[in-house]
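Report on the structure given below.
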Amino acid sequence: MFLSMNWISEFVDFSGLDKIEMIHRFSLSTAEVENEIYMKGSDISGIVVAEIKSVEAHPESKKLHLLKVDAGKEELVDVVCGAPNVRVGMKTAFAQVGAKIGDIAISPRKLAGYTSYGMCCSESEIGISDDNSGIMEITDDLANGTDIKDAYQIEDIIFEVDNKSLTNRPDLWGHYGIAREFSALTGRPLKPIETADLSQFDSLPSIDMKISDPLCQRYSCLQVDNIKRNISPVNMRIRLYYCGMRAINFLADLTNYLMLEMGQPMHAFDSRKVDKIRIRRFEEPFTFRTLDGVDRNIDENTLMICNGDKPVAIAGIMGGLDSEIVDDTTALTLESATFDAVSVRKSTVRLAHRTDASMRYEKCLDPEMTVTAIGRFVKLMLDADPQSRVISSLTDEYAYKYPQIAFDFTKAFVDRYTGIEIDNDTIVKTLESLGFGISVENDVFSVVIPSWRATKDITMKADIIEEITRIYGYDNFDVNTAVSPLYPVRIDIEKSVEDCIKDLLVKRFSLHEVHSYVWNYTDEYKALGIEAEDNIRLINATNPNIEVIRRSIVPTQLCQVKYNTDFADSFGLFEIGRTVDGVNPETNLCNEHKKLCITLFSKTESLERLYLKLRDIIAVMTDDIKHMPVFFENRQAVHSYQHPKNLNTVLCNGKSIGEIGVVYPTISKKIDKKASVVYAEIDVVDFAEIKANNIVYDEPSKYPEMEVDLTFMADRFAPIGSAVYTENSPLVKKISVVDTYKDDSGKSITVRILFSDRTKTLTREEVSAVTDRVIAKLAEKGITLKS
Amino acid sequence: MLEKINEIRKKFSSAVQNAVNAKALEELRIEYLGKKGSVTGLLKSMKELSGEEKKNFGQQVNMLKNEITEAISGKTAEIKQKELEREINSVPEFDLSAPPVLDRGSYHPITLVQRECENVFRSMGFTVEDYSEIVTDYECFESLNIPKHHPARDMQDTYYLTNGQLLKSQTSAGQNAIYRKYRKALVEEGKPIKAIFPGRCFRNEATDACHENTFFQMEGVMVDKNISISNLIFFMKTMLSEVFRKDIKVRLRPGFFPFVEPGFELDISCLICGGEGCPSCKHSGWLELCPCGMIHPEVLKAGGIDPEEYTGFAFGLGMTRLAMMKYGIKDIRDLNSGNLKSLSQFTAE
């Protein structure tokens, strides 16, 4: 919203104050002001009122005229002018020789053989409207030679306030409310708004008007006629233009002006079309043509202004085309009303049509304002067009009145909330200047909230704190640390496990952390041949490619691997992110999981080696973070990206914490023809919940240890390992695989068993007893010792 | 007999000169000092002598024996030294001038920035929590004093799911759970609530270099009996100065957020120009950084905390924005791209 400093200054006397500085303070205390502040009129000078004394057609040009103008000097000035609306006796804005318009300095200039000593200007050239159809026509009684900047309020400071920072302040949607803030900030008094006394019309007939719906809070109206003026006063038009609105005609301009001044939207109906005002909703939907010529679908929730049964306006949003003021309108009915804010907002969304009026109604306007606005309207109307007349009494139905809000608060409350000392006097003065009723006794303040702040904005004590502190100025605050007691910081296990995982994967295994999105990348999956599995969906995704929430990070990570195949011959990615596994039917809540996904990619390592490498990464992780071994159990593939043979459940502490697998060959080939790709997905919460084993110190034996290597003809280590473990001999300290070998006789595995006894020197017999039993046990299963 | 000694001495001294390795020396030792060696032979022949002559001869032979032993060990040392030198010289000087192979992993830049902030807050006694990404309407709005049809819901275009839940549009969605989790410790044991909860947020908007539908924030709250606006400014200033590792000026402006009252927009002095004004701060000298405020009484109430007794502040820091500012990342989409050409550069600091 654009604001005019001239307009604000009409209500507060700022003489002697730096206005730019005031705007900065406003930004720090009330609402955000955009960086650029416009110094209107500062780029023009030397433009005066001048009268056209003669007009002659240019002998060779159809467009140009040769004028003599009276610019208030002794001699008439010769001017060549191309505007179509020149005529003798007309007064216009004239840029004399030496004048400046922006970067242009006016000097005598030859045009088609004649010298022009100055230039007649359009309103657009002066910067007071966008009209450049002809030169400006001045109808006010001004002496020739009067500087146009003395005649009109062309010089102004315009600043823009971010509408978003006004959402909670219905009172700031007009200049008068803004002026109140400036008054509080500067300590200068706010002048009352000048209005016409409407009681003088009490004897006139009233308007047939009735609110038939609780969504209308107040409806005030008045009829006027005999409006002769068509074009608004120049200063009014300049303000409208500077504040971002186009001048239309006097009546329309006046309603807009009122809205920008008081924040109260107004509407004018042709009285011939509206003589029986009813405010209601309709049970059946229908279409309604608004004054912009658009047919809009009205449903049973949209509040309408009607003439009898016939809708004439969408309440709070826009009037209808049929009841609009037209050229032969003589009498009009002026509406100044308030409607339920939520209803207006919902209708706005439904109709996808936001207007300057609806924007204000959405904020919960103060119903007290409607009559004042009509009084102001009448005053401005009569000032600018003395022949116009009021022809009805003020007709006003006040259906819903907000309750008055008043409460007490203590000085101690303010002290506790602010943490600084603000004295009682300052508190009282601040609140008074903002229009609050305030009294103080024994450090207890009693406050009455003004109606314009009581529609939703201020409801409780904490709201008062903001009023006091923002005017006090946050820059003036003493800054202090808190005096709360100290306790140890609670460590969140899940968070710390997450950090440990990241450190381990980055520092020890040189993996790269990535982030991806939480939904299926449907198109990218298709390109790799990954099935985009159905799951819970977004209802308002703008792009169908991202509509379904992912069940697993693996597919999204494979897409990222594909993207990076030229990054290095071998690399590994990981992400800790979220997945959703459908909806819990009992709670109707998503089964959200936090998963760790790792993918290894290599063009140089064999699939087996890469898979084992990933296994070791997982094993190091469980060992490092939980001091716990990890086990793997082959399982059936169910997802399109899983390898039918090489897919294992990851078991830790006896429960599944995730899976590790080789990527399905066709997908792997689409990622890279020759590369190996393996992945693991671990549930971070399941893993974090495992209680970590403590370190149990095992004092090293002082006697020599003994290592025995045994080579078995076997495919897998598991049976050998379990044969050794089931021995449960206290002498066995460790078993490891030292070699695997494949020859014509089959696959063999060499294991090394470490024996140790803390109490005495081991004997060969003791060790042999264990190994013999292991060999015998394995022989029963058909696993023989290699000779 | 003495001539024989001299003869052996003469012969040995030339032989030892010619010995080239340990093996030859050992052979020499056996040849002269071994059981059948010539010096040993001399000693054996001593039996035939008597008296003074025997004593004299014995001395001479012992002298010879010592001479030979010393010469052999001297020569052995000399040869060992030569062998060592040869070994040393056989290894070339290794070239370290080639670029080293680092093979390092990388953290996501968000992780790095987040950890920095977390560490600052931990050092001030804040606990670090995580929260779910899919939340209920109650968590994201109702409990934060944003009732249905409140215009504040217009400000953020939220992704809604078919079951009525939503992708959290702000980390504030975790506030209610944090209050409930720690209210007992606050009320019964007098332990202030001091928590930060970083997390991923979602907004339904078109993406470009400056806009993302998926981004990171970090929420922080502190609740105790006498938490004030003055404390809020202190913590924000201190924390941001730590994060940016320089003295940061902060200023508050009124800002409207339904879950705080009063609510503020916090600006910091421009990091590029220090407040002088530059293109980065649009010549204002200030950067709008984070919304914050005193926790709204209704929000405390929803969390089971009596606002008459307790007050608190809350803030929301944009981690994504912070990471972009810190590392000069120009295109926000790089962060979720998975592109290792960008992301592999973020090794730990």
Q.
Report every pair of residues separated by at least 6 positions or lying on different chains whose Cβ atoms are under 8 Å apart, first residue within the stretch A:281-310 and closer than 20 Å to A:VAL342 by Cβ and without any contact (Cβ under 8 Å) to a residue 12 or more places away in the chain, second charged (D, E, K, R) and exposed (fewer than 14 other Cβ atoms within 10 Å of the Cβ).
A. none
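For the stretch A:353-372, does any single residue satisfy the condition of being more than 34 Å from the chain's Cα centre (by Cα) and either more than 29 Å from A:MET209 (Cβ to Cβ) or β-branched (Val, Ile, Thr) (or both)?
Within the stretch A:353-372, one or more residues are more than 34 Å from the chain's Cα centre (by Cα) and either more than 29 Å from A:MET209 (Cβ to Cβ) or β-branched (Val, Ile, Thr) (or both).
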Q. Got a number for residues in the stretch B:68-100 being hydroxyl-bearing (Ser, Thr, Tyr) and within 17 Å of B:ALA19 (Cα to Cα)?
A. 3
Q: May I ask you to list the residues in the stretch A:598-630 that are over 25 Å from A:LYS673 (Cβ atoms) and part of a strand (DSSP E or B)?
A: A:VAL630
Q | Residues satisfying the stated conditions in the stretch B:190-219, i.e. surrounded by fewer than 19 Cβ atoms within 10 Å (Cβ to Cβ) and more than 9 Å from chain A (Cβ to nearest Cβ) | A | B:ARG203, B:THR207, B:ASP208, B:ALA209, B:CYS210, B:HIS211
(Q) Just to be sure before I move on: is A:ILE682 free of Cβ contacts under 8 Å to residues at least 40 places away in the same chain and either closer than 16 Å to A:ARG615 by Cα or in a strand (DSSP E or B) (or both) in the structure I sent? (A) no
Q: Would you point out the residue of the stretch B:220-256, among those that are among the charged types (D, E, K, R) and outside any helix (DSSP H, G or I), that is farthest from the other protein chains (Cβ to nearest Cβ)?
A: B:ARG245
Q. What number of residues within the stretch A:65-96 are under 12 Å from A:GLU51 (Cβ atoms), in contact with a Phe, Trp or Tyr (Cβ under 8 Å, 6 or more places away or on another chain) and of a type in the set (D, E, K, R)?
A. 0
Q. Given the conditions (1) farther than 19 Å from A:SER220 by Cβ; (2) of a type outside the set (Phe, Trp, Tyr); (3) away from every other protein chain (no Cβ under 14 Å), which single one is not true for A:ALA268?
A. (1)
Q) Among the residues of the stretch B:110-122 satisfying the criterion of being over 18 Å from A:LEU504 (Cβ atoms) and within 14 Å of the chain's Cα centre (by Cα), which is nearest to the other protein chains (Cβ to nearest Cβ)? A) B:ASN119
Q: State all residues of the stretch A:509-531 that are within 31 Å of the chain's Cα centre (by Cα), surrounded by 15 or more Cβ atoms within 10 Å (Cβ to Cβ) and either more than 7 Å from every other protein chain (Cβ to nearest Cβ) or of a type in the set (S, T, N, Q) (or both); if no residue qualifies, say none.
A: A:SER516, A:TRP519, A:ASN520, A:TYR521, A:THR522, A:GLU524
(Q) Just to be sure before I move on: is A:THR338 away from chain B (no Cβ under 14 Å), closer than 23 Å to A:LYS276 by Cβ and in contact with a Ser or Thr (Cβ under 7 Å, 6 or more places away or on another chain) in the structure I sent? (A) yes
Q) Can you name every residue in the stretch A:561-596 that is buried (at least 20 other Cβ atoms within 10 Å of the Cβ) and part of a loop (DSSP other than H, G, I, E, B)? A) A:ASN564
Q. On the given criteria, is A:ILE374 surrounded by fewer than 23 Cβ atoms within 10 Å (Cβ to Cβ) and either in contact with a helix residue (DSSP H, G or I) (Cβ under 9 Å, 6 or more places away or on another chain) or aromatic (Phe, Trp, Tyr) (or both)?
A. no
Q.
Test of understanding: among B:LEU287, B:LEU300, which residue is within 11 Å of chain A (Cβ to nearest Cβ) and on the phi < 0 side of the Ramachandran plot?
A. B:LEU300
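Hey, among B:GLU129, B:GLU93, B:GLU85, which residue is at pLDDT 90 or above and at the interface with another protein chain (Cβ under 7 Å from one of its Cβ atoms)? Talk me through it step by step, then tell me what you get.
Details: B:GLU93 fails: at the interface with another protein chain (Cβ under 7 Å from one of its Cβ atoms); B:GLU85 fails: at the interface with another protein chain (Cβ under 7 Å from one of its Cβ atoms).
Among B:GLU129, B:GLU93, B:GLU85, only B:GLU129 is at pLDDT 90 or above and at the interface with another protein chain (Cβ under 7 Å from one of its Cβ atoms).
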Q. Quick check: anything in the stretch A:391-411 small (Gly, Ala, Ser) and within 14 Å of another protein chain (Cβ to nearest Cβ)?
A. no
Q: Go through the stretch B:257-269 and count every residue that is away from chain A (no Cβ under 11 Å) and not in a loop (DSSP other than H, G, I, E, B).
A: 2
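For the stretch B:270-349, please list each of the helices (runs of 4 or more DSSP H) lying entirely inside it that holds at least 3 residues being at pLDDT 90 or above, more than 30 Å from A:GLY572 (Cβ to Cβ) and touching a Leu at 6+ places or on another chain (Cβ under 6 Å).
The helices (runs of 4 or more DSSP H) meeting that bar number zero.
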Q.
If I filter the stretch B:134-155 for residues that are within 8 Å of chain A (Cβ to nearest Cβ), buried (at least 19 other Cβ atoms within 10 Å of the Cβ), modelled with pLDDT of 95 or more and in contact with a Cys (Cβ under 8 Å, 6 or more places away or on another chain), do I get at least one hit?
A. yes
Q. What are the residues in the stretch A:437-484 that are of a type in the set (Phe, Trp, Tyr) and buried (at least 20 other Cβ atoms within 10 Å of the Cβ), if any?
A. A:PHE445, A:TRP452, A:TYR474, A:PHE477
Q: Run A:ILE549 past the list (1) of a type in the set (A, V, I, L, M, F, W, C); (2) farther than 21 Å from A:LYS670 by Cβ; (3) in contact with a helix residue (DSSP H, G or I) (Cβ under 7 Å, 6 or more places away or on another chain); (4) buried (at least 22 other Cβ atoms within 10 Å of the Cβ) and report the number of the one that doesn't hold.
A: (3)
Q.
Please go through the stretch A:540-569 and give me each residue that is touching a residue at least 40 places away in the same chain (Cβ under 8 Å), among the polar types (S, T, N, Q) and in contact with a Leu (Cβ under 8 Å, 6 or more places away or on another chain), ordered by number.
A. A:GLN557, A:GLN560
Q. Can you tell me which residue in the stretch B:163-189 is surrounded by the fewest Cβ atoms within 10 Å (Cβ to Cβ), limited to those that are part of a helix (DSSP H, G or I) and facing chain A (nearest Cβ under 9 Å)?
A. B:GLU189
Q.
Can you find, within the stretch A:456-485, the residue that is farthest from B:SER228 (Cα to Cα) among those that are within 27 Å of the chain's Cα centre (by Cα) and more than 7 Å from chain B (Cβ to nearest Cβ)?
A. A:LYS456
Q. Within the stretch A:724-731, is there a residue that is farther than 30 Å from A:GLU766 by Cα and not charged (D, E, K, R)?
A. no
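Of everything in the stretch A:742-774, what is in a helix (DSSP H, G or I) and buried (at least 17 other Cβ atoms within 10 Å of the Cβ)? Give them in sequence order.
A:VAL767, A:VAL770, A:THR771, A:VAL774
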Q) Do you know which residues across the stretch A:532-563 are within 10 Å of chain B (Cβ to nearest Cβ), of a type in the set (Ser, Thr, Tyr) and within 22 Å of A:LEU610 (Cβ to Cβ)? A) A:THR556, A:TYR563
Q) Can A:ASP18 be described as more than 14 Å from chain B (Cβ to nearest Cβ) and farther than 30 Å from B:GLU265 by Cβ? A) no
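The values are calculated or read from the model by the stated rules, or taken from the named source; none is laboratory data. The structure displayed is predicted, hence computed values, not measured ones. Backbone-built Cβ (ideal geometry, glycine too); neighbour counts: all protein chains shown.
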